[in-house]
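Asks: Below you'll find the structure I mean.
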Amino acid sequence: MLVSKEPHRLLLDLAERYGAIYKFRLLHLHVVVITDPALAMDILKSPHVDKVRFLYSFLDPFLMGTNLLTGHTDKHWKAVRKGVAPAFSAQHMRYALRCVVECCNSLAKYLEDQGPNKAMDVDELLLRESMDVIGRFGFQKDMNAINSLWHPASEANHNVRALLGSTEEVVERTKTFCRWFQLWRAEARHGWTILGRFKCIIRDLLEHIKTTKLEAGTFADLLLKTKDPKTGKPLSDKQLLPEIAALFFAGIDTTGHTGSFCLFLLSQHPEVEAKVVQELQSLGLAASPKNPQPRELTYADLAELVYLQAVVKETLRMFPPVAIGQARIVSADLSAGNNLRLPSGTCAIVPHHAMHSSSLNWDKPNEFLPERWLVPGTEYAVAKKEALVNSKMSKEDARAAAAASLSEDAEGDNRQPKRYIPFAEGPRNCVGQSLAKVSLVATMALLLARFSFKLADDMGGAAGVRAAERYALVNGIAGGLRMHAIPRESHKREE
Ligand code: HEM
């Protein structure tokens, strides 16, 4: 059982079998696994925990050095985090939406060009869209990830493939250490080429931001203004490169795969898809018999898309990309809850998938029920008893909650323990979460207004997709997700 299961599923099985807290020993290390929301929050928010560096440091050679994602919670991390965080504030999300709309419109054009009969890997397409969004939003750079689809042999397309393939290569190298040296094997040589290209792209991006007139307050602008706390001077190139690489690394697969799981879930639940379309039509964002010309999506619309937001949240509950969750090392003896004492040196793991799917935390955890998010406070553990699928918020409350949940600053009552933490919790939570939320809701709104997505026959139905689920640094679908994008009008004619 141990080897045949994906690690996040194994962690869920163990939580169901041994409960919300259990421990084991890994050589000299005492490891405690926690899916109890209150204990998890105490640990993740404690100033006496830090990242387990050896679990992250293997990424440093690929990301060209230690960075926001992989480094210790020290003065340097604090300076960079504080420096760049305003780029993801609520004010900048209007700009983020403009980037998403532009990139997603190109994607929709590509889907239209390919037609409904061709099965396409929507996972790869959504990864490309995420790359374009991060390029524009963070660096004012067109990565050409979608546009190069029309020119498969172009240099731009090779670069895109290198960026996308680099995560895969990192996974292969961590699984098979000797792959580093197996130069007689074509895949290993190809891996070196990909990683070489990846590094060139990141160097070019650094050159680009240094020579471009950057909009004030964007990620690149703030990064260049960040000072090294040791020297008081701007970060050196050696320090800037890993931060640029980490943003792509942390943002592309997480957002892209979530979009894919969302389209997969909707393809299996036509009644949910119909409600999403109805919501889009009621706001004039999708064509309807009464309104054949839908209008453009605006920032204000995102808060009105209450049901679509519920669908995205339910997707992130069932398929959190960082599914094995957060690993933290306790740096000074720590108490959590009433009875838990963790001595310094203990490793505490909070597995996101297990926490989100444990029957101790959720009713009907294996069912796709976006309606549960229409109940106030569903993300909090205390809401479990009241979280009856039928009870509803007033329209006003639902709108206010939807608007608040788009940004990190307004994530609700911080004293309540959360049972839903796809973006992590505590000081090392996801700095890019507001961009991810805007990106996912807007992309789904724009695509679903125009297309209905149907699983390709060769995916083997829902069971085939679930069997292909694979944890490779983030949770995804091995081999991609082939689907048909059926334009809504022709869809209607078929009916
Ligand atoms: C659905 C999309 C996303 C999810 C679920 C997600 C989730 C997470 C999680 C769980 C962590 C903590 C990782 C750990 O401690 O091991 C994290 C960190 C981080 N994420 Fe995201 N992320 C998403 C999208 C993004 C985007 C779009 C960006 C930026 C463009 C981004 C940038 C980062 C960075 C830089 C960190 C490190 C933050 C720090 O330690 O200070 N993420 N993310």
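The values are calculated or read from the model by the stated rules, or taken from the named source; none is laboratory data. In this text, all values refer to a predicted model and were calculated from it rather than measured experimentally. Backbone-built Cβ (ideal geometry, glycine too); neighbour counts: all protein chains shown.
Asks: Does S358 meet the test of being touching a Pro at 6+ places or on another chain (Cβ under 8 Å) and surrounded by 18 or more Cβ atoms within 10 Å (Cβ to Cβ)?
Replies: Here the answer is yes, as S358 does meet what is asked.
Asks: Now for a different question. Quick check on the range 18-38. Is at least one of its residues exposed (fewer than 14 other Cβ atoms within 10 Å of the Cβ) and within 15 Å of the ligand (Cβ to nearest atom)?
Replies: no
Asks: Can you tell me which residues in the range 264-320 are over 22 Å from V101 (Cα atoms) and at pLDDT below 95?
Replies: Of everything in the range 264-320, those that are over 22 Å from V101 (Cα atoms) and at pLDDT below 95 turn out to be P289, K290.
Asks: Looking at (1) more than 30 Å from S89 (Cα to Cα); (2) in contact with a helix residue (DSSP H, G or I) (Cβ under 7 Å, 6 or more places away or on another chain); (3) at pLDDT 95 or above, which one does R488 not meet, given that it meets all the others?
Replies: (3)
Matching residues to (1) over 30 Å from K225 (Cβ atoms); (2) over 21 Å from the mean Cα position of the chain (by Cα); (3) among the β-branched types (V, I, T):
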{"position": "K75", "(1), (2), (3)": "no, yes, no"}
{"position": "A90", "(1), (2), (3)": "no, no, no"}
{"position": "R98", "(1), (2), (3)": "no, no, no"}
{"position": "K118", "(1), (2), (3)": "yes, yes, no"}
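Asks: Moving on. If you take the residues of the range 261-308 that are loosely packed, with under 13 Cβ neighbours inside 10 Å and of a type in the set (D, E, K, R), which of them is farthest from D123 (Cα to Cα)?
Replies: K290
Asks: Residue by residue through the range 78-107, note down the ones that are within 13 Å of the ligand (Cβ to nearest atom), closer than 17 Å to E215 by Cβ and not hydrophobic (A, V, I, L, M, F, W, C).
Replies: G83, H92 - these are the residues of the range 78-107 that are within 13 Å of the ligand (Cβ to nearest atom), closer than 17 Å to E215 by Cβ and not hydrophobic (A, V, I, L, M, F, W, C).
Asks: State which residue is surrounded by the fewest Cβ atoms within 10 Å (Cβ to Cβ) when the search covers only the range 439-471 and only residues that are assigned to a strand (DSSP E or B) and away from the ligand (no atom under 16 Å from the Cβ). Let's see the steps before the verdict.
Replies: Restricting attention to the range 439-471, the residues satisfying the condition of being assigned to a strand (DSSP E or B) are 451-455, 469-471.
From what's left, away from the ligand (no atom under 16 Å from the Cβ): 451-455, 470.
Values: F451: 22, S452: 24, F453: 21, K454: 16, L455: 21, R470: 13.
Ranking the qualifying residues of the range 439-471, first place goes to R470.
Asks: Quick test for you: out of F54, F62, F58, F88, pick the one residue that is touching a residue at least 24 places away in the same chain (Cβ under 8 Å), aromatic (F, W, Y) and surrounded by fewer than 17 Cβ atoms within 10 Å (Cβ to Cβ).
Replies: Values: F54 fails: touching a residue at least 24 places away in the same chain (Cβ under 8 Å); F62 fails: surrounded by fewer than 17 Cβ atoms within 10 Å (Cβ to Cβ); F88 fails: surrounded by fewer than 17 Cβ atoms within 10 Å (Cβ to Cβ).
None of the others qualify; the one that does is F58.
Asks: Any chance you could count how many residues in the range 135-155 are closer than 27 Å to G217 by Cβ and not in a loop (DSSP other than H, G, I, E, B)? Talk me through it step by step, then tell me what you get.
Replies: To start, the set of residues in the range 135-155 that are closer than 27 Å to G217 by Cβ comprises 135-147.
Filter once more, keeping what is not in a loop (DSSP other than H, G, I, E, B): 135-139, 147.
Of the residues in that region, 6 qualify.
Asks: Kindly check whether there is at least one residue in the range 218-237 that is at positive phi, touching a Pro at 6+ places or on another chain (Cβ under 7 Å) and within 16 Å of the ligand (Cβ to nearest atom). Break it down stepwise before answering.
Replies: Of all residues in the range 218-237, those at positive phi come to 232.
Now restrict to residues that are touching a Pro at 6+ places or on another chain (Cβ under 7 Å): none.
No, every residue in the range 218-237 fails to be at positive phi, touching a Pro at 6+ places or on another chain (Cβ under 7 Å) and within 16 Å of the ligand (Cβ to nearest atom).
Asks: Looking at the structure I just gave you, is M93 part of a helix (DSSP H, G or I) and among the aliphatic types (A, V, I, L, M)?
Replies: When the stated conditions are applied, M93 passes them.
Asks: Taking only pairs six or more apart or across chains, which ones have beta-carbon atoms under 6 Å, a first residue in the range 325-353 that is within 14 Å of A424 (Cα to Cα), and a second residue that is assigned to a strand (DSSP E or B) and among the small types (G, A, S)?
Replies: What qualifies is R328/A348; I349/A327.
Asks: Just one of the numbered conditions (1) farther than 16 Å from L44 by Cβ; (2) crowded, with 20+ Cβ neighbours inside 10 Å; (3) away from the ligand (no atom under 15 Å from the Cβ) is not true of P343; which one?
Replies: It is condition (2) that P343 fails.
Asks: Just the residues that are closer than 22 Å to Y471 by Cβ and in contact with a Ser or Thr (Cβ under 9 Å, 6 or more places away or on another chain), please, taken from the range 361-377.
Replies: N361, P365, N366, F368
Asks: State which residue is nearest to K51 (Cα to Cα) when the search covers only the range 278-337 and only residues that are away from the ligand (no atom under 16 Å from the Cβ) and of a type in the set (S, T, N, Q).
Replies: If we filter the range 278-337 for residues that are away from the ligand (no atom under 16 Å from the Cβ), which is where we start, we get 278-301, 303-307, 332-337.
Subsequent filtering for residues that are of a type in the set (S, T, N, Q) retains 278, 281-282, 288, 291, 293, 298, 335.
Details: Q278: 44, Q281: 45, S282: 46, S288: 50, N291: 52, Q293: 51, T298: 38, S335: 18 Å.
By that ranking, first place goes to S335.
Asks: For residues that are of a type in the set (A, V, I, L, M, F, W, C) and farther than 15 Å from A245 by Cα, scanning just the range 135-166, find the one that is surrounded by the most Cβ atoms within 10 Å (Cβ to Cβ).
Replies: Of the residues in the range 135-166, the ones of a type in the set (A, V, I, L, M, F, W, C) are 137, 139, 143, 145-146, 149-150, 153, 156, 160, 162-164.
Checking which are farther than 15 Å from A245 by Cα leaves us with 145-146, 149-150, 153, 156.
On the way: A145: 29, I146: 23, L149: 21, W150: 13, A153: 7, A156: 15.
Here the answer is A145.
Asks: Restricting to the range 1-58, what's the tally of residues that are basic (K, R), assigned to a strand (DSSP E or B) and within 24 Å of T174 (Cα to Cα)? Give the steps one after another, and end with the answer.
Replies: Going residue by residue through the range 1-58, those that are basic (K, R) are 5, 9, 17, 23, 25, 45, 51, 53.
The next check asks that each one be assigned to a strand (DSSP E or B); those that pass are 23, 25, 51.
From the residues that got through so far, the ones that are within 24 Å of T174 (Cα to Cα) too are 25, 51.
Of the residues in the range 1-58, 2 are basic (K, R), assigned to a strand (DSSP E or B) and within 24 Å of T174 (Cα to Cα).
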